[in-house]
Each structure stands twice: as C-alpha cells, then as structure tokens.
Amino acid sequence: MSASNLQEAHLARRLGLFDTMMLVMGGIIGSGIFINPYVVAQQVPSAILILAAWAFGGLIALFGAFIYAELSAQTSTSGGQYVYLRDAFHPALAFVYGWALLLVIQSGGMAAVAVTFAKYVCVLGKINAGEQIAALLAAFAILALTIINCLGVRAGSTTQNLFMVLKLLAIAVLVVFGLTVGRALQPDSAASASSPPTLWNSLTSFGAALIPVQFAYGGWQTSCFVAGEVRDPKRNLPRGLLFGVLGVIAVYLLINFVCVRALGPRGLAETHTPASAVMQLALGDNGAKIIAAGIAVSTVGFLSQSMLTAPRVYFAMAEDGLFFSSLAKLNRARVPALAIALQGALAIVITLSGRYEQILNYVTCVDVIFFALTAATVFVFRSRTWHRRPADDQRQDGDATFRIPGHPLTTLFFIAACCGVAFSTFYRYPQNGAIGVGIMLTGIPVYLFWRNRK
C-alpha cells in the first residue's frame, strides 16, 4: 500500500472549512504584526510607503495562496510543501525542506514566539522574572500544547480555534480604540529636509522593508500540512486558504493604518512596541495591559497552530522511509503523536538554550527559497497533466477544483517576489542568509544516509 493510501486510511478527517480557515489565519497572525510595523517604518520614510509595503506583502501572500490552493486541490494527503516538492522534483529536495522546517523554520520560530508569550505573561502578572524563568514558562507552554495535540486532531483544532477567536477580538480592540487617538503631527521623516535618496537606495530599502512584512505574512502554507485530516480537502483547503489570507490582509492593513495614524511614521519607527504605544495613548496603563494580554493570546494561538500542522511533514517523511519509522505511527486518537512530541521537544531545547533569536534570523531567507521552489511545481504538474490528456481534452480543467487566476503571470510574480526578498536578505544580512542556507544544506548528507538505509 502506498504512503498516500496509508494516510487516507488512518488519519482522521475531522477538520472542516471553518477549522481550515482558522488554521490559515492562526498560522499567519502571531506576535509579529504587533511588533514588526516599527521595523518596516525604519526602512521606508513615509506613511504611504509603509502601507504600500504591507499591501504589497499581502499581494504576495494572496498570489501564494492561489498557488497553494491549486496544489492542495490536487492531493488529499498530509505533508503540504514536502509532498509537492517530492512529487514534482525529487525526494532529496523535499527532505531538505522538511529538515530545514524541523531545525530552523518551525522550531526556531516556535521557541521565539513561546518566549514572547512568557515575557508578556510575566508583565501581566507583575512577575519580575529573568530570562531563565521566562524560558521555563515558555517551555511549559510548548509542553502543554504538545500534550493537547497528542490527544487528537479535534482537541488541537478546538484549542486553535478558541485562541484564534480571542486573537481577533484583541485586534478589534486595538483597531477600535486606536482610531480614537488623534492624528500624529510629526513629519513623515526625520530626514525630510535632506536630499532625496537614489532610486537604488529606495528599491533596496523597500526590499528590506518586505523582509519583516514577509515574515509577518508567513504561515498560510502550513494548513496544507494537515490535508489528510481535512474533510473534502480538494474543496475546503483552497477555500480556507483564500478566505484566511484575505482576512489577514484586511487585519494587517487596519493595524498598520491605526499605528501610522496614531504615532506618525517617525514615531512608529522610534517605538519597539507600536501596539502597546497606541493603546497607551488610547486608554493609558489599562490599554497597555489589554494589548499585552492580546499579544500573549496571539502568541500561544500561533504555537497551537504550529504544533497541529508541522509534525505532519515529519510524519510524511517517515512514511516515505526517509526518517525514523516510529514517526509514522499513529496513536489511538489517530494522530502522529511521536512526530508531535519530536517537534515539541526540539522547540523546548531551543527555547531553553536561548539561541532562538539567532535561529530566527535565518528563517526568512530559507522560507522564501522554498516558497519559490514550491510555486515552480505548478508548471511541472500542469505539464504532466497536459501531456497525459487526450488532444481533444487538453483544454478542459475539470479534474481540478481550483485553478490559479492569471497563471502564469501571477505565479511568476510570486516567484520573482520571493527571489527579491531572498536577494534583499542576502544584500542586507549576508551572514544570516549564508548560515540559513548552510543549515538547510546539511540536510543533503542526512537524506543520503536515510536513502541508503532504506
């Protein structure tokens, strides 16, 4: 029996359209949107360019959602990008992606978000905790979510949905009360009187602004990891992707409009906690506490989504005989409990080591490289489908429930945008980019080991 058939036979399909949409939004909205606006404002000098960067990042995410919607409509097995890269190109490339996901993309991000959660909990509880106490609290949060997700996909999804709704309520409070703050009177830029920048500097600055934007928008693709547990996946996954990404774009633009309106571009660039600064202006100390609680909820919701989705990639790798066979085993709740435990354990180790911030610097470059490669699989799959069909039937697309609007232009735009963000990362932070790619490439000898063992 093939890996696909095994997944179909054993994984429990208990997630509907609402669950899928919440997974998409929960995978995107973490702590980044509450903090990253100031990083963007430091790169670009005006309110229009700040909002343009977030709108452009949203457009990239939407085109990416189009691509993943078509890919997810063609397969109903768990694994997402791993499955697409394996079937289109080579198992080695797919393994390197899963390896990077485990070591860098997912585990490092989870550790950083967990520590952010712990710090905000300490602030709310007025606990004068050091780094070690915060790390222990973060590790406990990861452990708790690991146990919940081992109880079954329904338990994990219900927890994720609850935190996602609370997260949206916190954002609604920020937007509503933020709009009550009077317009900032600061000029657009501290350097407004200086000579205008060159075209190259403007382009590289806008590209640098897209790095934190792309990081904040990242995560929508993880819903495809659980395709094997979605009811009617060829219908619900594409719809959940599109509805979820559109919802996040609206939310992000609202938050940034409120921050720019209340603080001004210069004020936004000068504060490292823009959401707290806006609520402080609106409601004083109580406002700062409200948004701190909202950020804590948002971070734990992101952790819940990560714990629910990413282990399905390691499960798919084990199904292919390219990782520990025990990770492909399902418990009584029909979930890959050992794969979930592996993800939780590695995230806890990174959390307690205190290396999460350094690892996080390597995430964006590696992530966008695999985004571009995954988008390229569309051309491969379409070419194969075209050549398999009879000549008189090659114009009919009835075998797919979703087709990318504007393909190939929209697909090529997404690939070009990902390449642009990768270039900006290497241009501005060459050491971080090189280390990220180096960690990714260590997956090649590991793949050769598992292939020879298989």
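Key figures for this structure:
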read-out: Size of charge dipole - the chain - debye, nearest 20, with Cβ of Lys, Arg +1 and Asp, Glu -1, no other charges; value: 620 debye
read-out: Spin-label model distance (nm) - residue 286 vs residue 273, 7 Å beyond Cα toward Cβ; value: 1.9 nm
read-out: Hits among lysines - C-alpha to C-alpha of residue 289 under 26 Å, sequence gap 8 or more where chains match; value: 119, 126, 167
read-out: Cβ-derived FRET efficiency at R0 41 Å, residue 437 paired with residue 409, nearest 0.05; value: 0.90
read-out: Set of lysines with alpha-carbon distance to residue 454 below 28 Å, sequence-local pairs under 8 removed; value: 329
read-out: At R0 = 22 Å, FRET efficiency that the Cβ-Cβ distance of residue 12 and residue 345 yields, to 0.05; value: 0.40
read-out: Mean Cβ count within 10 Å, highest first, over the residues of peptides 60-69, 341-350; value: 60-69, 341-350
read-out: The chain: relative contact order in percent, alpha carbon pairs under 8 Å with at least 6 residues between; value: 35 percent
read-out: Estimated Rh, the chain: Kirkwood, alpha-carbon pairs, angstrom; value: 22.4 Å
read-out: Residue exposure sequence - 15, 281, 409, 124 - by fewest surrounding Cβ within 10 Å; value: 409, 124, 281, 15
read-out: Packing-based exposure ordering (other Cβ within 10 Å, fewest first) of 402, 315; value: 402, 315
read-out: Cα gyration tensor shape for region 277-352, rounded if a/c is under 1.5, else prolate or oblate; value: prolate
read-out: Rg over Rh, two decimals, region 13-160 (C-alpha only, Kirkwood Rh); value: 1.01
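Since every read-out is calculated from the coordinates, none of them should be taken as a lab result. Note that the structure is a prediction, hence the values are computed from the model and not measured. Heads up, the Cβs are rebuilt from the backbone with ideal geometry, glycines too, and the neighbour counts pull from every protein chain shown.
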